[in-house]
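Enquirer: I have a structure here, written as structure tokens, and I will follow up with some questions on it.
The values are calculated or read from the model by the stated rules, or taken from the named source; none is laboratory data. Predicted, not measured: the structure shown is a model, and the values here were computed from it. Here the Cβ positions follow ideal geometry from the backbone for every residue, glycine too, while neighbour counts run over all protein chains shown. For the accessible areas, the whole protein counts, side chains as well, though only heavy atoms, and no ligand, DNA or RNA atoms are used. Shrake-Rupley method; radii C 1.70, N 1.55, O 1.52, S 1.80 Å.
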There are 2 protein chains.
Amino acid sequence: MSLASASRSVSVAVVGVGLVGAEFVEQLLAFPAPHPFRIVALSSSKSTAFAPDGLTLTSGTWKQTLVTSGGALRSPADLANDLAALVKPGADVVLVDNTSSDDVAATYPTFLSAGINVITPNKKAFSAGLRLYKEILDASHAGGARFLNESTVGAGLPIVSTLKDLVATGDKVTKIEGVFSGTLSYIFNEFSTGTPGGPSFSSVVRVARDKGYTEPHPADDLNGADVARKLTILSRCIPELRTALPDGFRSVQTRSLVPRSLEDAATGDAFLARLPGWDSTFDAMRDSAARDGEVLRFVGVIDVASGIIKADLERYPKTHPFATSLGGSDNIVMFHTERYGARPLIVQGAGAGAAVTAMGVLSDLLKLV
Amino acid sequence: MSLASASRSVSVAVVGVGLVGAEFVEQLLAFPAPHPFRIVALSSSKSTAFAPDGLTLTSGTWKQTLVTSGGALRSPADLANDLAALVKPGADVVLVDNTSSDDVAATYPTFLSAGINVITPNKKAFSAGLRLYKEILDASHAGGARFLNESTVGAGLPIVSTLKDLVATGDKVTKIEGVFSGTLSYIFNEFSTGTPGGPSFSSVVRVARDKGYTEPHPADDLNGADVARKLTILSRCIPELRTALPDGFRSVQTRSLVPRSLEDAATGDAFLARLPGWDSTFDAMRDSAARDGEVLRFVGVIDVASGIIKADLERYPKTHPFATSLGGSDNIVMFHTERYGARPLIVQGAGAGAAVTAMGVLSDLLKLV
């Protein structure tokens with residue numbers, strides 16, 4: 001890949017310097033010169049550093065630089081305004097949104113219509129209602145700017161790009177089926193192995209949280225919303241389903257694994273303290289499946305012909321790849337298409353984590369140039 | 001993906017109209033307008049049609065058009081000359097080589113240095129000696145033209161692009177291991193299932209040939225050269241191994257499954273007639289593996305640390321994805337990297353066939369614009 005073309009400059013504004021954002025900045029700073037990228041803006045939750053000609057940042061110390069010399073926090077709308085002034089022929093500008101903020105997501109149309117490209121692992125904008133999604137498409141068209149969101153599904157795994165390639169080259173997707181949540185992958189890989197008995201559900205969830213695999217409040221994973229959001233993003237890449245989910249992820253048939261009586265648990269600790277009361281229910285499901293030679297997996301399914309889009313706990317034979325091939329917190333996605341008719345196209349691997357998510361973001365940035 | 005930009009034109013010269021070439025032309029003709037592509041040249045093995053402003057081709061009948069109104073066959077060098085005249089700012093020119101010809105492959109430097117991009121599923125140029133490969137890199141740099149060869153490995157599966165993305169974003173590849181030949185995948189999936197006994201090796205090879213999975217002469221698959229070529233292409237995407245294979249695929253440690261005494265079999269039929277004489281040898285290997293709970297698979301391995309690059313028949317436990325997850329003529333590739341450390345990134349699916357190969361070619365063409 002030749003990036004040596006010195007005539008082109010790409011100004012990058014990074015919003016969000018948490019785990020993924022920090023890793024992204026490090027990966028970009030490590031990118032071998034010569035390259036066209038310069039970071040012109042950097043925003044934490046507290047302050048924004050901005051320099052139209054590029055900030056001077058050094059690996060390992062840039063976070064401190066932001067703390068000491070950052071200015072007042074700029075709102076997304078103000079940042080869009082600042083960046084718009086940098087858009088010129090041959091001078092691309094990119095917003096890299098590494099937050100999970102609804103506010104930043106809601107501002108994408110403003111960025112795009114000003115000609116500022118958007119790259120992000122933030123699922124919010126693309127999995128919300130159709131109205132925002134259409135605004136994003138229209139703004140992208142009007143501003144001649146692109147949005148790339150590979151890392152919203154499967155982090156650095158080539159899932160969104162593979163789906164877009166299949167569709168763009170005229171293949172017909174018939175069904176997508178996969179394990180899209182690294183957290184729920186880990187929990188069910190540990191909990192349901194195809195033999196009756198084993199660790200209790202609540203103990204597996206507790207270990208997952210201790211390892212940092214779940215959100216602070218495990219219900220935020222167990223409610224299935226993350227899977228529903230990913231299914232929404234993928235569905236909108238399929239022509240037949242582009243407008244299938246008017247309310248975005250809320251329109252996906254989603255089975256929540258949060259017991260109704262625990263929905264009021266205010267904290268993760270309170271939730272985990274009461275979850276053992278439901279172990280017998282989960283154990284019974286696992287053991288019933290095992291007696292039939294099956295395992296439980298929390299999957300997402302997009303069935304194009306029937307229009308069914310669901311996030312649900314399903315049973316699979318012990319010989320199915322979802323049982324044999326998964327481990328750790330792997331994601332796996334099977335694309336069934338007209339061309340991949342007899343046997344699906346499969347992508348599998350770690351679908352979460354700062355390094356692989358940042359890699360997906362950087363990879364999108366390289367695609368832009 | 002917005003292709004509506006009418007200001008840009010992309011002239012496409014298609015060489016080779018066999019199974020893959022014909023499918024590619026059909027996919028391109030079916031591509032929804034408006035798009036920037038026009039086919040300016042079309043070459044079969046007998047004649048060439050050329051029209052600088054674009055040939056008038058219709059789905060289903062274009063092949064007849066080529067027969068009736070094609071002119072004399074142009075050599076690759078002459079075609080490069082014709083196409084060079086079309087290269088202008090904003091007017092891209094692409095050679096799509098759908099042959100498996102060494103002659104066309106040897107001319108890539110001429111095309112590239114004239115500013116003509118090259119897209120191809122033809123492995124020849126990229127898996128030959130380093131000299132041609134360096135000429136290609138130099139010509140690409142000098143002419144400002146790109147070469148894209150996604151479909152040389154795994155057809156339409158995202159294998160080359162995934163490897164390039166990993167490397168470009170700064171990940172370190174430690175090992176690549178996979179089943180790269182659809183033909184050998186089918187043969188060993190059928191022959192070695194992990195239990196002693198089963199169909200004879202020669203009978204499986206015969207069925208594979210009857211189904212059209214092998215070359216007319218099965219030795220052309222069983223000699224492992226196809227796998228060695230793919231390993232060469234992938235190795236050259238890895239910085240540490242860029243110059244590791246001076247003689248290209250001939251430098252790969254390759255185990256041929258063609259019995260020495262059958263190397264002189266002039267035809268596929270002669271080969272198959274004598275192959276049963278070797279069944280007991282293959283059966284003994286299979287049954288020995290099965291007694292240890294293992295299967296035989298013909299794999300390619302790239303071990304970056306040791307520099308070992310080999311195409312070989314290996315044994316894998318019955319629980320390994322190469323045993324549990326493969327079927328039909330699937331390819332599977334596992335990328336072990338620094339970021340995908342604990343668990344590899346895996347891509348799997350049909351790695352051969354006209355429709356999916358042409359799709360990989362068309363996908364490269366879309367990446368170019």
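Enquirer: Take chain B, connect every pair of alpha-carbon atoms lying under 10 Å apart with a spring to form a Gaussian network, then pick out the residue of B:ARG74, B:ARG291, B:ARG255 with the largest mean-square fluctuation.
Expert: Sorting by GNM fluctuation, first place goes to B:ARG291.
Enquirer: How high is the relative contact order of segment B:249-369? Use alpha-carbon pairs under 8 Å, at least six apart in sequence, and give a whole percent.
Expert: Numbers: 101 pairs, mean separation 20.2, N = 121.
RCO, segment B:249-369: 17 percent.
Enquirer: Then there's this: What is the calculated FRET efficiency for A:ASP53 to A:ASP103, with r their C-beta to C-beta distance and R₀ = 30 Å, to the nearest 0.05?
Expert: Values: r = 28 Å, r/R0 = 0.92.
About 0.60, to the nearest 0.05.
Enquirer: Could you report the accessible area of A:LEU137 in Å², rounded to 10, computed with a 1.4 Å probe on the protein chains as they sit in the structure?
Expert: Estimated to the nearest 10 Å², A:LEU137 gives 70 Å².
Enquirer: What is the average number of partner chain Cβ atoms found within 10 Å of a Cβ in A:164-173?
Expert: Numbers: counts 3, 12, 4, 1, 9, 17, 10, 7, 0, 0.
Average per residue, whole number: 6.
Enquirer: Next up: Which value, in Å² and to the nearest 10, is the accessible area of A:MET359 when all protein chains are kept and the probe is 1.4 Å?
Expert: 10
Enquirer: Do the sum for chain B: with -39,500 (n - 2.57) for every DSSP H run of n ≥ 4, divided by all residues, what is the mean residue ellipticity at 222 nm, to the nearest 500 deg cm²/dmol? Don't jump to the answer; show the numbers that get you there.
Expert: On the way: 15 runs with 136 residues, N = 369.
Mean residue ellipticity at 222 nm (helix-derived): -10500 deg cm²/dmol.
Enquirer: So what is the relative contact order for chain B, in percent, with contacts set as C-alpha pairs under 8 Å and at least six apart? Mind showing how you got there, number by number?
Expert: Values: 736 pairs, mean separation 72.2, N = 369.
Worked out over chain B, it gives 20 percent.
Enquirer: I'd like the carbon and sulfur percentage of the solvent accessible area for segment A:110-173, probe radius 1.4 Å, heavy atoms only, ligands and nucleic acids excluded.
Expert: Values: 990 of 1950 Å².
Answer for segment A:110-173 is 50 percent, counting heavy atoms of protein chains only.
Enquirer: Right, another one. Using the charge dipole of the protein assembly as shown (Lys, Arg: +1 at Cβ; Asp, Glu: -1 at Cβ; taken about the Cα centre), state which of B:ALA33, B:LEU157, A:LEU241 has its Cα farthest towards the positive end.
Expert: B:ALA33
Enquirer: Moving on. Chains B and A: buried accessible surface, both sides, probe 1.4 Å, rounded to 100 Å²?
Expert: Details: alone 15740 and 15730 Å², together 28660 Å².
Heavy-atom accessible area buried at this interface is about 2800 Å².
Enquirer: A follow-up question, please. Around A:PHE147, which amide H atoms from residues at least 5 apart in sequence, or from another chain, sit under 5 Å from its own amide H, with H modelled in the peptide plane?
Expert: Placed amide hydrogens put A:VAL118 under 5 Å from A:PHE147.
Enquirer: Report, to the nearest 10°, how far helix B:130-143 tilts away from the longest principal axis of the Cα atoms in chain B, using its own Cα long axis and a range of 0 to 90°.
Expert: 30
Enquirer: Under a 1.4 angstrom probe, counting protein chains only, how are A:PHE147, A:PHE322 ranked by accessible area, largest first? Present the calculation step by step, with values, prior to reporting the outcome.
Expert: Numbers: A:PHE147 35, A:PHE322 0 Å².
The most accessible residue leads, giving A:PHE147, A:PHE322.
Enquirer: So, one more: Let me cross-check B:ARG8: its accessible surface, 1.4 Å probe, with only protein heavy atoms counted, in Å² to the nearest 10?
Expert: 90
Enquirer: Rounded, prolate or oblate: which one fits the protein assembly as shown, using the alpha carbon gyration tensor with axes a ≥ b ≥ c (rounded when a/c is under 1.5, else prolate when a/b beats b/c, else oblate)? Write down the numbers at each step before the final one.
Expert: Values: a/c = 1.78, a/b = 1.13, b/c = 1.57.
Oblate.
Enquirer: Quantify, in whole percent, the carbon and sulfur part of the accessible surface of segment B:255-369 (1.4 Å probe; protein heavy atoms only).
Expert: Details: 2140 of 4190 Å².
That fraction is 51 percent.
Enquirer: Each label point is 7 Å from the Cα along the Cα-to-Cβ direction; what then is the distance between the points at A:LYS63 and A:LYS46, in nm?
Expert: Result: 1.2 nm between the two label points.
Enquirer: Between A:SER306 and B:LEU368, how many nm apart are label points set 7 Å from Cα along the C-beta direction?
Expert: Here the modelled spin labels are 4.2 nm apart.
Enquirer: Moving on. Got a sec? Which residues in segment A:110-148 would a label at A:ARG250 touch, if it sits 7 Å along Cα→Cβ and we count backbone N under 12 Å?
Expert: Those under the cut-off are A:128-131.
Enquirer: Between helix B:19-29 and chain B, what is the angle of the helix's C-alpha long axis to the longest principal axis, kept within 0 to 90° and rounded to the nearest 10?
Expert: Its long axis makes an angle of about 40 degrees.
Enquirer: So, R0 is 35 Å and r is the distance between the beta-carbons of A:THR195 and B:THR281; what FRET efficiency does that work out to, to 0.05?
Expert: Details: r = 39 Å, r/R0 = 1.11.
Here the calculated transfer efficiency is 0.35.
Enquirer: Anything over 24 Å Cα to Cα? Flag those among A:LYS63/A:LYS367; A:LYS164/A:LYS230; B:LYS175/B:LYS211; A:LYS134/A:LYS164, in the order listed. Don't skip to the answer; put the middle values down first.
Expert: Numbers: A:LYS63/A:LYS367 27 Å; A:LYS164/A:LYS230 14 Å; B:LYS175/B:LYS211 33 Å; A:LYS134/A:LYS164 18 Å.
Flagged as over cut-off: A:LYS63/A:LYS367; B:LYS175/B:LYS211.
Enquirer: May I pose another question? Can you give the FRET efficiency to the nearest 0.05 for B:LEU29 and B:ALA84, using r as the Cβ-Cβ distance and R₀ = 22 Å?
Expert: Working: r = 25 Å, r/R0 = 1.16.
That gives a FRET efficiency of 0.30.
Enquirer: Please work out the average accessible area per residue across chain A, using the 1.4 Å probe convention, and give it in Å². If you can, show how the numbers build up before the last one.
Expert: Values: 14320 Å² over 369 residues.
I get 39 Å² per residue for chain A.
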